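Written out below as structure tokens is the structure these notes cover.
The values are calculated or read from the model by the stated rules, or taken from the named source; none is laboratory data. None of the values given here were measured: they were computed from a predicted structure. Glycine gets a Cβ as well: all are built from the backbone with ideal geometry, and neighbour counts include every protein chain shown.
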Amino acid sequence: MVEDRIYSCYTKRDPYTGREMRVARHSSGCTVTLLPRPGFVHSFAAVGIPYGSVHTRVVDSDGVEKYFPPGSAHFFEHMVFGEAGSEGSLFEQLSELGARANALTGYCDTVYYFVTIENVERCLELLLDAVTTVDLLPASVERERAVILSELGLDRDSSEQICFTNLMCAMWKNHPVGEHIIGSETSLAEITPATLADFADTFYTLPNFSIVLVGDHEAESIFPKIMANLDAIRSRDPRHRRNASFVSLPFPEPSEVAEKQVSETRDILIGQFLVGIKLPAPTLSDPFNARDLLSLRLSGRLFFDSILGDTAPLFTKLESAGLVNDSFGYTWICENSFATLIVGGESADPVAAAEAVKAELLAIGRDLATRLDSDDYERQRRIETGDFIRSLDSISATGMAATELALSGSDLFDYVLLYRNIDPAAAIRAMDFFGNEAYYCSSLVLAETRTQ
């Protein structure tokens, strides 16, 4: 059999930083992105798959509708990294070669990565072999199930995690983002070796992979070696030779939150509160494209930093009233089929804190035009643009950002351009969901009242 070693390659240069990006596309469809960093000692490498916890109901490339229990993506990640073969687990093998490795399962993707100063090519070869050939023997699956159940138990001992999990469940009526990324005891019990083999066939195929490499490497040297490795994978396993793709089935999701408030009491010293605001768009039936998604992410970050940062009037007001401490902050989760702003932290009075935050955010949302100072916004844009450009000197930060963007159909240099070209007026218009109380939900974890 003659292997097809032809691949396309192009170079992209950022006009502001002068940085270069080399992108190659293997004939299978797998993309390889190299961000050269001459003189850097460390290297970062990642393999990303655009499959995460929300992909529970999909239609595969053959038109077959499939269901995967919540927690399947995280379970498979454990199977890749955790199970030990004759030469040890992937984690152990990479450690012996001097690499620090890890994996992350998100809502919309899964990323396996490592950082090392040596043996980059061998480490990447091992990582690719691991994600394309996974041991799914029943005994292996049961061992990892026990580990994941233990992890789930630890989450349920964390008031912070309880508050977040309850909030996400309460905001969405049907969207799978309301399920815990790890899953539940019920959903984990549904996952079998056959289940895992099925979604390996559906998602873990070369056409879905994005490989990112950052470090002192030359494309002319490293690309042919990676392509030869991809050729070998495709040669030994026919599932990597088909044009595998998938489409998420749309869940009918109302614009408003499913519940206005959820509360739980625990034996803790200080309570927790979170206020979530659900965006009515995007949805699974009407997802964002890559450019719109990136624009909303950046616009939201600039806007929220200006009103929710630790120097903003809102934080000062809440802290002066004794409602929050320095744990107060926000999380802006913006993916192509859902988005939400989450604000909160610790509080001695979670009920009052949640009510105060909600009232302040509603007031901002109903008077957006006068609440945001254009000079402050422009100052924040310049600060964050500079921070982002400086972050490109970090191997790990660059690699993780590049992998995330590659999986969403964009790249790092789009980020820089969008930061510089964001229109404050358009950003404010995108935040008009703030003023609608139907999009708000509160999650509280209250401290038990102790009697003397």
- Message: Yes or no: the stretch 307-325 includes at least one residue that is of a type in the set (A, V, I, L, M), under 20 Å from Ser408 (Cα atoms) and crowded, with 21+ Cβ neighbours inside 10 Å.
- Response: no
- Query: When you go through (1) without any contact (Cβ under 8 Å) to a residue 60 or more places away in the chain; (2) closer than 18 Å to Leu124 by Cβ one by one for Tyr204, which number turns out not to apply?
  - Reply: (1)
- Evaluate the following for Val351: is it outside the structural domain of Val54 (by TED's automatic domain parsing), surrounded by fewer than 20 Cβ atoms within 10 Å (Cβ to Cβ) and of a type in the set (Val, Ile, Thr)? yes
- Subset of the stretch 220-257 (residues that are outside any helix (DSSP H, G or I) and charged (D, E, K, R)): Asp237, Arg242, Glu253, Glu256
- Query: Taking the stretch 423-440 only, how many residues are touching a Leu at 6+ places or on another chain (Cβ under 9 Å) and either part of a helix (DSSP H, G or I) or at pLDDT below 75 (or both)?
  - Reply: 11
- Note on the structure: Residue set Gly48, Gly82; condition under 19 Å from the mean Cα position of the chain (by Cα), under 20 Å from Thr132 (Cα atoms) and assigned by TED's automatic domain parsing to the domain that holds Ile117; output residue Gly48
- Message: Being touching a Cys at 6+ places or on another chain (Cβ under 8 Å), within 30 Å of Met431 (Cβ to Cβ) and surrounded by 17 or more Cβ atoms within 10 Å (Cβ to Cβ): is that true of Leu230 here?
- Response: no
- Message: Restricting to the stretch 36-89, name every residue that is loosely packed, with under 15 Cβ neighbours inside 10 Å and in contact with a helix residue (DSSP H, G or I) (Cβ under 8 Å, 6 or more places away or on another chain).
- Response: Ala84, Glu87, Gly88
- May I ask you to list the residues in the stretch 11-53 that are in a loop (DSSP other than H, G, I, E, B) and among the acidic types (Asp, Glu)? Asp14
- Those residues of the stretch 258-315 which are assigned to a helix (DSSP H, G or I) and of a type in the set (Val, Ile, Thr), in sequence order: Ile307
- Query: Out of all the residues in the stretch 394-401, is one or more among the small types (Gly, Ala, Ser) and not in a helix (DSSP H, G or I)?
  - Reply: yes
- Sole exception among (1) in contact with a Lys or Arg (Cβ under 6 Å, 6 or more places away or on another chain); (2) under 18 Å from Ala45 (Cβ atoms) for Ile226, by number: (1)
- Task: Please find, among Thr205, Thr265, the residue that is farther than 30 Å from Arg22 by Cβ and among the hydroxyl-bearing types (Ser, Thr, Tyr).
- Result: Thr265
- Query: If you check Leu213 against the conditions, is it within 21 Å of Ile49 (Cβ to Cβ), assigned to a strand (DSSP E or B), of a type in the set (A, V, I, L, M, F, W, C) and in contact (Cβ under 8 Å) with a residue 60 or more places away in the chain?
  - Reply: yes
- Would it be correct to say that Val131 is under 16 Å from Phe338 (Cα atoms), of a type in the set (A, V, I, L, M) and buried (at least 16 other Cβ atoms within 10 Å of the Cβ)? no
